[in-house]
Structures are given as structure tokens and as C-alpha cells.
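The values are calculated or read from the model by the stated rules, or taken from the named source; none is laboratory data. Given the structure is predicted, the values throughout are model-derived calculations rather than measurements. We place every Cβ from the backbone using ideal geometry, glycine too, and count neighbours over all the protein chains shown.
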Amino acid sequence: MTLVACIGGGQLGRMLGLAGLPLGLSFRFLDPSPDACAREVGELVVAPYDDRDALDRLAVGAAVVTYEFENVPVEAAAGVKAIPGPRALEHGQDRLSEKELFRSLGIPTARFGGLEETGLPALVKTRRLGYDGKGQRRVDRDEPLEDGELAEELVAFDRELSIVGVRARDGETRFWPVGENVHREGILRVTRAPARDAPQVEAERICTRLLDALGYVGVIAVELFEAGGRLLANEFAPRVHNTAHWTIDGAETSQFENHLRAILGLPLGSTALRAPSVMVNVIGGIPPVEELLELPRAHLHLYGKAPRPGRKIGHVTLVDPDEETVARAVALASEEGGEARTTPPHSRVPPS
């Protein structure tokens, strides 16, 4: 069997494994946690991500090495020739480098730098290791930034969108339909695909510039703000992405399968939509499974992770649902008992 090695053994690694097993692939994961949920779909090497001996054990006999999150040490990924390559990691794990790359490619972004560049109010973020709302705060008055922090303009956006694409080794590129996303407290709650009146062509143009500049291979996601008819790039992720989990059930080929096809040099699969889909994240605790499965055309994916407040432990995809079904799924999946909104309000800014 062809062996795929993956740095990281979380839910994205797990879903890569689930997509690859039917293709005759086998998997080995490196993760510091012996409870990493990808252990159920492949061999698990338990060690820090920068452990040289463990990286060698991970890579031995593998046809390709990839990763499932962007905070992998660049030197570690480069040492095992992981795909996507180190340039994508270098930019993707540092918000300042990421924004400077956008600017160099002519991709519009919110203003960034110091508070004198952004104006007030602004968001102050750590340059590294921020995710799911962590490592950021709103500031309403001038204050010194700490080392390793970056200020970003607070954008009064109309909605949040994402474009997810895949690029093969020969440069062939395909895109899934643009998704419309709802975050609360910095955590993704709901993605709708396709987004209503989606600016598909412009989103693909932005993503293509990034893919070509990085000589990228694999799946990539670009998160966007739509504000006054303009698209602003917020950040990109050099990996499979939460906003495209719906592709497992709602697209001809999932992001996970196409990532594997791309990095292994196999033909890409169709990214066409099977039917409009809504993905709802399961946050914090195990939902009432029987009630979720009673919903029409609902597909539940639990990750085998221990419940914890604010933790993504699964998702449910609704294929061609009505709004009543979406509202019911949100209520069942939310740790707050259904308070998450299912459609984004207009002209909102992140709360203080």
C-alpha cells in the first residue's frame, strides 16, 4: 500500500485518512498526544513535532509527507520535504508575513501594522499561534503593542466568505464553490455553500495569485471579508480547511481526497457541487445523535475528541436543507443551546 505521512494527528488528519483508505492508501501520523484522534485511521508516532528521530520514523517508507495545520515548525516540515512546501508555511503561520505577501501580490487586505496605520478601533493579534479567536483583542485607544503583535483595521464587513482550491503538481487548479461563513467568539459555527450571489470569479482570481506565487501543491483556503462590494483577504491556510468540510457530502470530490490526489501526483477529481449544503460545527459537547440523524439528508461526523467548552468535536452536513432544518441542526449542535446565528448580520464588526 502507498503510505502517506502526516505531521499532526487531529481531526483534519483523521479526515485525510478516512478519504484515503478507500483509495488503497495507508497513513502514519506524528503528534505529541497519545490520544490524537487520527490514531484510529493509521499508525501514530507520539513525539514533539520537531523531534528529529520521530520525523525520520514518520517519513521512512512514505511516498509523501504532508501536514494538517500551519503551525508546524518550518524546519521540521522542510527536513522531511513536506508538501505543501515551506514557503507556504512561512507565510501562513505569521500574520505579518501573510499580509505582506497579499500586498506584494496586489491582493486587497485590511490596513495592518501599528495603530498609527490602522486607526482606532482596531484588532491586535499575535503574529503566531492564533486560532479560533485566540490571541486577539479589540483596542479602542492608543496603546503600545507587545513584541510579536500586529494591529489590523477593524473592518465593517457585510459577510465572511472563503474560497478553497486545489493545485496539482502540474499546475492544474480547481476550486469549490465559495462558502459563506458565520463565526461567533472567533469560532466557525456555520458554512453555507454556495454563498448567495457568490463573487466566485474574483475569489478564484485572488486564490490563483497565491497558488501561483507559492508554487503550491495541495488544498489551500483563503478567508475573505466582503465589504461594500469589495473582497478583502483576511488570511490563508496552507491545508485542508473547516469551511470546506461540507465537500465530503456535498461535492463530487471532497477537499480531503483532492489534497491526497494532488500531493501524490494523481489526477484531480471534480470539485462540482452535488447540491447546496450547510455545514454546522459541533462545539463543546456530544450532541443528541439520534435527533441529528432524524434531520433529512443530514450527515454527522464526530472526531473522537473529548468534549471541552469551545472545542470543535464534530460537524454535521445538511444536503439541500430548508431553513427549518438548518435552525434545528444549529440548536442541536451548539453548546449554547442554539444561540448561534445561521445567517450573518450585515455591517457588523467583531465585538469588544
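Observations, loosely collected:
- Residue in segment 84-106 that is hydrophobic (A, V, I, L, M, F, W, C), part of a loop (DSSP other than H, G, I, E, B) and surrounded by 19 or more Cβ atoms within 10 Å (Cβ to Cβ) present: no
- Only one of the numbered conditions (1) in contact (Cβ under 8 Å) with a residue 24 or more places away in the chain; (2) of a type outside the set (Lys, Arg); (3) surrounded by fewer than 21 Cβ atoms within 10 Å (Cβ to Cβ) is not met by Val201, and that is (1).
- Residues in segment 107-144 that are among the hydrophobic types (A, V, I, L, M, F, W, C), part of a loop (DSSP other than H, G, I, E, B) and either modelled with pLDDT of 95 or more or touching a helix residue (DSSP H, G or I) at 6+ places or on another chain (Cβ under 7 Å) (or both): Ile107, Ala110.
- Scanning segment 264-281 for residues that are under 27 Å from Leu25 (Cβ atoms) and touching a Gly at 6+ places or on another chain (Cβ under 7 Å) turns up Leu273, Arg274, Ser277.
- The listed residue being in contact with a helix residue (DSSP H, G or I) (Cβ under 8 Å, 6 or more places away or on another chain), modelled with pLDDT of 95 or more and buried (at least 22 other Cβ atoms within 10 Å of the Cβ), out of Ala63, Ala36, Ala78: Ala36
- Yes/no for Asn181 being surrounded by fewer than 24 Cβ atoms within 10 Å (Cβ to Cβ), within 23 Å of Ile283 (Cα to Cα) and at pLDDT 95 or above: yes
The rows are residues; the columns are (1) of a type in the set (S, T, N, Q); (2) more than 17 Å from the chain's Cα centre (by Cα).
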residue: Arg87; (1), (2): no, yes
residue: Glu90; (1), (2): no, no
residue: Glu116; (1), (2): no, yes
residue: Val124; (1), (2): no, yes
residue: Phe157; (1), (2): no, yes
residue: Ser162; (1), (2): yes, no
residue: Ala168; (1), (2): no, yes
residue: Asn181; (1), (2): yes, no
residue: Arg189; (1), (2): no, no
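- Assessment of segment 148-165 against the conditions (in contact with a Leu (Cβ under 6 Å, 6 or more places away or on another chain) and under 30 Å from Thr271 (Cβ atoms)) yields at least one matching residue.
- For Thr191, the test of being among the hydroxyl-bearing types (Ser, Thr, Tyr), surrounded by 18 or more Cβ atoms within 10 Å (Cβ to Cβ) and outside the structural domain of Pro309 (by TED's automatic domain parsing) is failed.
- Helices (runs of 4 or more DSSP H) contained in segment 197-270 and holding at least 1 residues over 20 Å from Tyr303 (Cβ atoms), at pLDDT 95 or above and among the charged types (D, E, K, R): 200-214, 255-264
So that you can scan it fast, the table gives a plain yes or no per residue for (1) more than 18 Å from Phe102 (Cβ to Cβ); (2) without any contact (Cβ under 8 Å) to a residue 40 or more places away in the chain:
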| residue | (1), (2) |
| --- | --- |
| Ile187 | yes, no |
| Ala195 | yes, yes |
| Arg209 | no, no |
| Gly218 | yes, no |
| Thr247 | yes, no |
